[in-house]
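Written below as structure tokens is the structure these notes are about.
The values are calculated or read from the model by the stated rules, or taken from the named source; none is laboratory data. Predicted model only: the values in this text are computed from it and were never measured. So basically every Cβ, Gly included, is an ideal-geometry build from the backbone, and we count neighbours across all protein chains shown.
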Amino acid sequence: MSNNSVPLDGVFRALADPTRRAVLQRLTGGAAAVTQLAEPFGLALPSFLQHLKVLEKTGLVRSTKAGRVRTYELSPDSLRAAEDWLKAQRTLWERRLEQLDRYLQELQTAKNEEPR
């Protein structure tokens, strides 16, 4: 396993949680303070902060603090790494499925050419 897979594993673990995905979706509209992000979830603030900590640790978001207000924004580099990995997997499986399709067509052609 390469060293690059460790951060990617964290990204996919972070994306596996629906609350964290919803936070990322919300941040596509721009940066937001913790209280704004936490509001729709009905979670205790310490529990919600754990979600933000996971997102920040994996590089999916970054935060800044101005006075007592901590604001989060998307950091797309980790998402790009996941997207690149998914694209590579898609290419691999599309190629394999094309090979399987060709093989099955050859089998069908051979079957149709057999004397009866």
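Going by the structure shown, is Glu39 out of contact with any helix residue (DSSP H, G or I) (no Cβ under 9 Å at 6 or more places or on another chain), surrounded by 15 or more Cβ atoms within 10 Å (Cβ to Cβ) and part of a helix (DSSP H, G or I)? Reasoning before the result, please.
On the way: out of contact with any helix residue (DSSP H, G or I) (no Cβ under 9 Å at 6 or more places or on another chain): yes; surrounded by 15 or more Cβ atoms within 10 Å (Cβ to Cβ): no; part of a helix (DSSP H, G or I): yes.
So Glu39 fails the test.
What pairs come out if I take residues in the stretch 35-58 that are without any contact (Cβ under 8 Å) to a residue 60 or more places away in the chain and aromatic (Phe, Trp, Tyr) and pair them with residues that are loosely packed, with under 12 Cβ neighbours inside 10 Å and not in a helix (DSSP H, G or I) whose C-beta lies under 6 Å away, six or more apart or interchain?
Sorted first by the residue in the stretch 35-58, then by its partner, the list stays empty.
Working only within the stretch 7-33, note down all residues that are of a type in the set (S, T, N, Q) and not in a loop (DSSP other than H, G, I, E, B). Show your work before the answer.
Here is the first cut: in the stretch 7-33, the residues of a type in the set (S, T, N, Q) are 19, 25, 28.
Passing the criteria: Thr19, Gln25.
Could you list, ordered by first residue, the pairs with Cβ atoms under 8 Å in which the first is in the stretch 81-108 and over 22 Å from Gly59 (Cα atoms) and aliphatic (A, V, I, L, M) and the second is at pLDDT below 95 and surrounded by 10 or more Cβ atoms within 10 Å (Cβ to Cβ), at least 6 apart or interchain?
none
How many residues are loosely packed, with under 15 Cβ neighbours inside 10 Å and not acidic (Asp, Glu) if we restrict to the stretch 68-89?
Adding up the residues that qualify gives 8.
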